[in-house]
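The values are calculated or read from the model by the stated rules, or taken from the named source; none is laboratory data. Just so it is clear, the model here is predicted, and its values are computed rather than measured. Reconstructed Cβ throughout: ideal geometry from the backbone, glycine too, with neighbour counts over all protein chains shown. Remember, those area values only see protein heavy atoms, side chains included, never the ligands or the DNA or RNA. Shrake-Rupley method; radii C 1.70, N 1.55, O 1.52, S 1.80 Å.
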Amino acid sequence: MTAMALVGAPLVACKDPVETRREPASGAENRGLAAIERAGCGSCHEIPGLDWPSGRLGPSLEGFDDVGLIAGQLPNRPDILAAFVRDAPAVKEGSSMPSMPVSEDEAADIAAYLYGLDHD
Amino acid sequence: MIDTLWDWPPPVLDPAGPYSGKVTTLAWSLFGLGAFVTLVVIVALWIAIKGPGRWKAELGGERAIWLGGVAFPGIVLTALLVWGLTLTASLTEPIRGDEMRIRVTGEMWWFRVQYLDSSGAVVMEDANEIHIPVGQPVVLELESADVIHSFWVPHLSGKKDMIPGRRTFLRIEADRTGEFGGVCAEYCGRQHALMGFVAVAHEDGDFRDWYAQRTAGLARLGSGITMQNEPPTAATSRGSPRSAEERPIARPDAIPGEVSGRELFMQSGCAACHRVAGTEANGLAGPDLTHVGSRRTLGAGILPNNRGTLIGWIGDSQSLKPGNRMPSYDMLNADELEAIAIWLEQQK
């Protein structure tokens, strides 16, 4: 989707896009970032590594490995995070985050990516 | 997923229809000619620096300047201009009788899309998504509501300016099915780079089904749109945009979230700018949301369309696309945003 927003750039030889703040380390993290872009998570969350969109409706996801509880309530474990990413209302009743159209594998990859985000 | 300019080969070199095929022919010819001229310049440079004295004298003589500096570019550029204009003339011909017509209006920063019947009356309105049948030329009537925009689906045709107060024409045709990315190709303000759309090419039968489904209940007219094998008749040219309100579409109700979402949409002022056929929402300033639930993208081709992005866009459109004309509805709480998003999802 970001690609659509930036179409045209390669043809007119613009500068390279601003370097993203972070390069995913593993294959799962790479797939996770791609899934985040595809699902549009950035329309509500600021997510390091994603230059745009950077919505402010939800919390910033920077430094997720340091977060104590997911959504202030759930233990911060990869399997719970993956389940939350996929279907937040089912994991935490009354969650203001809706369920998102990602597969279980994609949710696991997204969790892997979010865990790789630290403050440093 | 949607084909964009990031793909390789770039769509200008990967045409999906006859009109873009002409542009591709022109592009390759220009690349070839450019390479040839570059080669000639390199050879001339080599002669000027290292060549035998007699060649140098010849290159510096008056004859070489007249031939290489005046005659060659004059003849080649003139020939190229004439050939290029002839080749692409068919792209911008106005309407020939019974062709399918779609009016696309550039707005800051999205595309209003209106399907017209053979008399030019609006049958159905949509936004940021253009559906066409494969193997049939479609004439686009391009207009602008504010500044100069430019319409470009590189897979399907050349680009054409959308000029305020003036109607221009562009033909597109797809010879394969697919979803092709399109953009505004003329700088039009702050969010020019976030002004995109999708052109969807269907098999002919699928397109008819899609169109019939969209127009069912919308109006009392017949097919409303003119196909090549269905010449226009008096019966198909009776539509007008307002006739849609006369017979409201049956909208699903009694779905959880439906009532409050719909009420919130009306109460929050969304209806002042957006139209949803079959409801009291009748605003014309923003995109028509009658079928928003079935769109592929949100925010003019920039976000995937799902409940999460709908909530994000409604609640915070100004941080996603600063300066766009929709305010962020950040006074609504999460439940209210979700209720509106659920209702909009159902508008298909």
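Determine whether the range A:57-76 contains at least one residue that is in a helix (DSSP H, G or I), within 27 Å of B:Asp330 (Cα to Cα), among the hydroxyl-bearing types (Ser, Thr, Tyr) and within 14 Å of the chain's Cα centre (by Cα). No; the residues of the range A:57-76 include none that is in a helix (DSSP H, G or I), within 27 Å of B:Asp330 (Cα to Cα), among the hydroxyl-bearing types (Ser, Thr, Tyr) and within 14 Å of the chain's Cα centre (by Cα). Report yes if some residue within the range B:330-337 is farther than 24 Å from B:Val104 by Cβ, crowded, with 19+ Cβ neighbours inside 10 Å and touching a Cys at 6+ places or on another chain (Cβ under 6 Å); otherwise report no. No, the range B:330-337 has no match at all.
Kindly indicate whether B:Asp161 is in contact with a strand residue (DSSP E or B) (Cβ under 9 Å, 6 or more places away or on another chain), open to solvent by 50 Å² or more (accessible area, probe 1.4 Å) and not in a loop (DSSP other than H, G, I, E, B). Answer is yes for this residue. Filtering the range B:129-156 to residues that are among the small types (Gly, Ala, Ser), crowded, with 18+ Cβ neighbours inside 10 Å and either at pLDDT below 95 or within 19 Å of B:Asp288 (Cα to Cα) (or both) leaves only B:Ser144. Name every residue in the range B:118-128 that is surrounded by 20 or more Cβ atoms within 10 Å (Cβ to Cβ) and assigned to a strand (DSSP E or B), in order of residue number. Residues satisfying the conditions are B:Val123, B:Met124, B:Glu125, B:Asp126, B:Ala127. The residues on offer are B:Leu284, B:Leu344, and the sole one that is more than 10 Å from chain A (Cβ to nearest Cβ) and surrounded by fewer than 24 Cβ atoms within 10 Å (Cβ to Cβ) is B:Leu284. Among the residues of the range B:164-188, those identified as under 24 Å from B:Ile2 (Cα atoms) and either open to solvent by 50 Å² or more (accessible area, probe 1.4 Å) or in a loop (DSSP other than H, G, I, E, B) (or both) are B:Glu173, B:Ala174, B:Asp175, B:Arg176, B:Thr177, B:Glu179, B:Ala185, B:Glu186, B:Tyr187, B:Cys188. Taken over the range B:1-16, residues that are in contact (Cβ under 8 Å) with a residue 12 or more places away in the chain and open to solvent by 70 Å² or more (accessible area, probe 1.4 Å) amount to 1. Residues that are more than 12 Å from the chain's Cα centre (by Cα), under 20 Å from A:Pro53 (Cβ atoms) and not in a helix (DSSP H, G or I) within the range B:189-211 comprise B:Gly189, B:Arg190, B:Gln191, listed in sequence order.
Restricting A:Leu50, A:Leu6, A:Leu33, A:Leu81 to residues that are modelled with pLDDT of 80 or more, within 13 Å of chain B (Cβ to nearest Cβ) and on the phi < 0 side of the Ramachandran plot narrows the list to A:Leu50.
With respect to (1) within 8 Å of another protein chain (Cβ to nearest Cβ); (2) among the charged types (D, E, K, R); (3) in a helix (DSSP H, G or I), the lone exception for B:Glu336 is condition (1). Answer yes or no as to whether B:Asp7 is among the acidic types (Asp, Glu) and under 25 Å from B:Leu85 (Cα atoms). Taking the combined requirement at face value, the residue does not satisfy it. Residues of the range B:91-117 that are open to solvent by 30 Å² or more (accessible area, probe 1.4 Å) and outside any strand (DSSP E or B): B:Thr92, B:Glu93, B:Pro94, B:Ile95, B:Arg96, B:Gly97, B:Asp98, B:Met108.
Here is a yes/no grid of residues against (1) at positive phi; (2) without any contact (Cβ under 8 Å) to a residue 40 or more places away in the chain; (3) out of contact with any Ser or Thr (no Cβ under 8 Å at 6 or more places or on another chain):
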site	(1), (2), (3)
B:Pro18	no, no, yes
B:Leu26	no, no, no
B:Leu39	no, yes, yes
B:Ile42	no, yes, yes
B:Ile49	no, yes, yes
B:Gly53	no, yes, yes
B:Ala64	no, yes, yes
B:Val82	no, yes, yes
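For A:Arg38, only one of the following conditions fails: (1) within 11 Å of chain B (Cβ to nearest Cβ); (2) at pLDDT below 80; (3) not in a loop (DSSP other than H, G, I, E, B). What is its number? Looking at each condition in turn, A:Arg38 falls short on (2).
Of all the listed residues (A:Pro59, A:Pro53), the sole one being under 26 Å from B:Ser328 (Cβ atoms) and in contact with a Gly (Cβ under 8 Å, 6 or more places away or on another chain) is A:Pro53. Of all residues in the range A:84-120, those satisfying the criterion of being closer than 20 Å to A:Glu62 by Cβ, away from every other protein chain (no Cβ under 14 Å) and in a helix (DSSP H, G or I) are A:Asp109, A:Ala111, A:Ala112, A:Tyr113, A:Leu114, A:Tyr115. Taking the range B:293-323 as the range and being in contact with a strand residue (DSSP E or B) (Cβ under 8 Å, 6 or more places away or on another chain) and surrounded by fewer than 24 Cβ atoms within 10 Å (Cβ to Cβ) as the test, the residues that pass are B:Arg295, B:Arg296, B:Thr297, B:Pro304, B:Asn305.
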